[in-house]
């Protein structure tokens with residue numbers, strides 16, 4: 001065999017090896033491309049939402065105001081003793097919890113409306129293409145944060161009220177009512193999120209949230225016999241029943257109990273969230 005033949009044989013083997021290596025490289029490249037193309041999971045989406053939530057000062061301070069309003073209300077009522085004779089310590093201490101509940105709904109609305117107003121919603125949907133997952137992550141985050149804020153602030157408010165209010169007043173039933181109140185704050189936050197997702201504009205969403213929570217109670221007397229049915233289905237009625245205030249009479253907020261009222265609000269909030277998810281999927285960012 002000549003030298004040229006040997007060289008050709010060696011070159012052929014080397015070329016074959018290079019081709020084999022090239023095929024392996026192509027396979028690795030394809031695998032990497034598939035890994036990159038796969039959408040982020042729910043955990044990543046939740047972490048992304050937390051980063052945005054904690055990094056936005058307006059949202060953080062609005063959340064803090066939920067707690068401040070509740071606690072300051074308890075201190076004010078305790079110092080002035082401006083309660084009805086039949087109010088319990090629990091109901092009196094949580095007098096301003098209705099305002100705090102409205103703010104919780106506003107927090108939910110601003111969580112998504114802020115992204116629409118700044119244009120960052122496009123970045124969010126590009127990072128997490130599955131829009132239902134985006135909304136679910138926002139809802140879980142809001143529910144977790146607001147339930148803790150609601151439970152802790154209302155518990156502190158009750159303890160402050162118990163310390164400064166007249167000891168002759170009935171205590172009410174703080175447990176398990178305080179846990180129900182924390183859950184209601186979470187539900188109303190998700191309801192605000194659903195409204196904000198549909199409305200998109202902050203001013204309109206906030207108006208819708210506050211109107212839904214406040215207007216039925218204001219105009220309830222004009223509804224006649226329907227008052228107890230319309231007002232009784234609202235989150236504010238559920239809150240009044242849970243806090244056991246003197247205003248939570250069956251002729252005003254209906255005969256449905258505190259926990260069934262909470263279940264009702266949770267049910268139609270779930271329907272609203274499902275509708276918001278459908279709108280988010282079908283509408284351009």
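The values are calculated or read from the model by the stated rules, or taken from the named source; none is laboratory data. All figures in this text were calculated on a predicted structure; none of them were measured in a lab. No Cβ is skipped: glycine too gets one built from the backbone with ideal geometry, and neighbour counts run over all protein chains shown.
Couple of notes before you dig in:
- Of all the listed residues (224, 189, 161), the sole one being in contact (Cβ under 8 Å) with a residue 60 or more places away in the chain and over 28 Å from residue 110 (Cβ atoms) is 161.
- Screening the stretch 69-85 for residues that are out of contact with any helix residue (DSSP H, G or I) (no Cβ under 8 Å at 6 or more places or on another chain) and part of a helix (DSSP H, G or I) and picking the one that is modelled with the highest pLDDT gives 72.
- Sole residue being without any contact (Cβ under 8 Å) to a residue 60 or more places away in the chain, out of contact with any helix residue (DSSP H, G or I) (no Cβ under 7 Å at 6 or more places or on another chain) and either exposed (fewer than 13 other Cβ atoms within 10 Å of the Cβ) or in the same structural domain as residue 245 (by TED's automatic domain parsing) (or both), chosen from 65, 38: 38
- Residues satisfying the stated conditions in the stretch 150-162, i.e. closer than 23 Å to residue 51 by Cα and crowded, with 24+ Cβ neighbours inside 10 Å: 150
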